[in-house]
Amino acid sequence: MSLTPLVFLGLFALGVIATVAVHPRYGIYTYFLAFFMSPTHTWWEDLVPDFRYLLIAGVATFIAVFAQDTKTPGMKWTEIGGFKIFIAFVIWLLPIYIWAVEPEEHWEGIVLYAKHLLISYLIYRVAVDKETIKDFSLVMVVGCAWFGWLAMGKSGRLEGVAGAIADANTLGMHVSTGVMMGGMMFLGFKGHYKWICFACIPLVLNTVILSGSRGAFLGLLSGGIAAAVFCPKTFRRSFSFLSILAVVLFFMLAHEQFLDRITEMFHATEDSEQMHRESGGRLEIAALGWEMAKDHPLGVGHKGTRALSPGYMPDYLLSRGRRSAHNSVMDALVSYGFLGAGLYIMLYLWAAKQLFRLRRIAEFDKDTDVGIFAAMFAAVLAVVFASGIFSNFIFAEVQFWMIGMIAAAVNLPEVRDRSSARPGNVKRPPERRTTHPIGVGFNR
């Protein structure tokens, strides 16, 4: 028997035991282990039992949270706006099942989003201090490096390399989030956080290039801009220097085929016919998706664009008789209706509001850790949202992990205690009144 499945099964079993016997945080590590190694979608899938490993890890963590009476100080999770929006989104999916075009597919979607909600909640419940948030972030970077290890030596686009993340566009997007997280951790943290990320970044960045995904490239650009906006002032100069080095490293690693694809994308913006050709019909798919949404304002169920595509799209756009959406928001409109798409966008708006709040508090208190958290989470969400302009990442799990991480960061004692006295509410002390020698009062 191969060593890889044996190592996975051993680590998974130890993780579940440690979750129940020691602390629920090990359940999150075990969940990430199962996500990144993806045992039921790899070449060694026949060598391990066909279990729902993610579900097992999530349920074990959930049980441990309550069995060990692990209480989260501060806000209850039901008081956090992001979770309220997320719950409303999942609840809205339930009646759609009644009129869903493909009920079985939609039920799978309900289960998927319920799982995302569960893991987001569990991250919030377990990450009660800065070190745990850092540890979870580091595991995500190392997981992306594992994808990079799997991609080493592969030729052509990375289709089916990373297990459950089956297509190259999704892989490119996900490892781009790893680049952003690893880069900000290297910049702002010390010790093993810095140097493990330093070792992972070239491997992860190379995987972005090997994926050949132009959406991932756009995501990297957007994530870099978001990181620059939220980066603590203390690190601005270092951030600029490292950004230049990252660009140099990127083009050193980039192969000619990838550079040609990027160049063609920019040239296409000057030629509508070329844009249509290079976009693979994405603009036309989006336009037809809008027609679907108008005809079905309440949504038609999970992966609705794919289900309706034979009745709306010409044959040259279809692949094996169907075509999925290539835009996250547009697929949300078709699949979950205007209400569902609105809730999805509201989740991002809530996240943006909290991230700006974290940035203000970090600047006021000179808390660089909180500032790095804000920059890191903002960059990840920017990557997912921007990449979703060219591909459908409405159910990409990493964005929902960020909801839990943001909620945890907002609930940190040092952040929570500042909420009632954040910079906008803090009154400056009265200026000292001084008398000029000739008797005229003035302020210094």
Inter-part distance where the stretch 227-243 and the stretch 72-114 are each reduced to a Cα centre, Å: 36
Interchain or long-range residues, amide H under 5 Å from ARG322's placed H: none
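Taking a ≥ b ≥ c as the square roots of the Cα gyration tensor eigenvalues, with a/c under 1.5 meaning rounded and otherwise prolate when a/b beats b/c, else oblate, which class fits the stretch 270-405?
Details: a/c = 3.12, a/b = 2.05, b/c = 1.52.
The shape class here is prolate.
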Virtual spin-label span in nm between LYS366 and LEU9, 7 Å along Cα→Cβ: 5.5
Area of ILE85 that stays accessible when all protein chains are in place (1.4 Å probe, Å², to 10): 20
³J(HN,Hα), Karplus 6.51/-1.76/1.60, whole Hz, each residue of the stretch 407-413, x for Gly, Pro: 4, 5, 5, 5, 8, 4, x
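Relative contact order of the stretch 176-241, please, whole-number percent, based on alpha carbon pairs below 8 angstrom and at least 6 residues apart.
Details: 44 pairs, mean separation 24.8, N = 66.
Relative contact order, the stretch 176-241: 38 percent.
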Cα-based shape type of the stretch 1-118, given that a ≥ b ≥ c are square roots of the gyration tensor eigenvalues and the cut on a/c is 1.5: oblate
Accessible-area ranking of GLU284, GLU108, largest first, probe 1.4 Å: GLU108, GLU284
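Quick one: with all protein chains in place, what share of the accessible area of the stretch 57-126 is carbon or sulfur, to the nearest percent (1.4 Å probe)?
Working: 2240 of 3250 Å².
Using a 1.4 Å probe with all protein chains present, the stretch 57-126 comes out at 69 percent carbon and sulfur.
Specify whether the C-alpha gyration tensor of the stretch 92-208 places it in the rounded, prolate or oblate class, a ≥ b ≥ c being the square roots of the eigenvalues: rounded for a/c under 1.5, otherwise prolate if a/b is larger than b/c and oblate if not. Intermediate results must be reported in sequence, preceding the final value.
On the way: a/c = 3.60, a/b = 1.40, b/c = 2.57.
It is oblate, given that a/c is not under 1.5 and a/b is not larger than b/c.
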J(HN,Hα) series, the stretch 39-53, from Karplus relation 6.51 cos²θ - 1.76 cosθ + 1.60, nearest Hz, glycine and proline x: x, 8, 9, 10, 5, 9, 4, 6, 9, 10, x, 7, 9, 8, 4
Calculated from backbone phi, Karplus (6.51, -1.76, 1.60) coupling profile of the stretch 93-106 in Hz, x at Gly/Pro: 5, 5, x, 4, 4, 4, 10, 4, 5, 10, x, 5, 5, 5
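Just the number please: accessible area per residue for the stretch 1-149, 1.4 Å probe, all protein chains included, in Å². Don't jump to the answer; show the numbers that get you there.
Details: 6950 Å² over 149 residues.
Spelled out: the 1.4 Å probe surface of the stretch 1-149, per residue, equals 47 Å².
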Alpha-carbon centroid distance for the pair the stretch 376-421 / the stretch 7-36, whole angstrom: 24
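Measure up LYS130/LYS194; LYS115/LYS194; LYS76/LYS115; LYS115/LYS190; LYS190/LYS366 against 25 Å on the Cα-Cα distance and list the ones that go over.
Values: LYS130/LYS194 15 Å; LYS115/LYS194 31 Å; LYS76/LYS115 20 Å; LYS115/LYS190 33 Å; LYS190/LYS366 17 Å.
Pairs exceeding 25 Å: LYS115/LYS194; LYS115/LYS190.
Restricting attention to the stretch 1-66, which chymotrypsin sites (Phe, Trp or Tyr not before Pro) occupy a DSSP loop and are surrounded by at most 14 other Cβ atoms within 10 Å? Can you show the working numbers first?
Values: sites: PHE8, PHE12, TYR26, TYR29, TYR31, PHE32, PHE35, PHE36, TRP43, TRP44, PHE51, TYR53, PHE62, PHE66; in loops: TRP43, TRP44, PHE51.
Sparse-neighbourhood loop chymotrypsin sites (Phe, Trp or Tyr not before Pro): TRP43, PHE51.
Please report the carbon-and-sulfur percent of the accessible area for the stretch 285-391; probe 1.4 Å, protein heavy atoms only, DNA, RNA and ligands left out.
Working: 2550 of 4170 Å².
Of the solvent-accessible surface of the stretch 285-391, carbon and sulfur hold 61 percent.
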Distant-in-sequence amide H partners of PHE390 (H built 1.01 Å from N, under 5 Å): none
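The values are calculated or read from the model by the stated rules, or taken from the named source; none is laboratory data. What you are looking at is a predicted structure, and each value in this text was computed from that prediction instead of being measured. In this analysis, Cβ positions are derived from the backbone assuming ideal geometry, glycine residues included, and neighbour counts consider all displayed protein chains. With ligands, DNA and RNA removed, areas are computed over all heavy atoms of the protein, side chains included. Shrake-Rupley method; radii C 1.70, N 1.55, O 1.52, S 1.80 Å.
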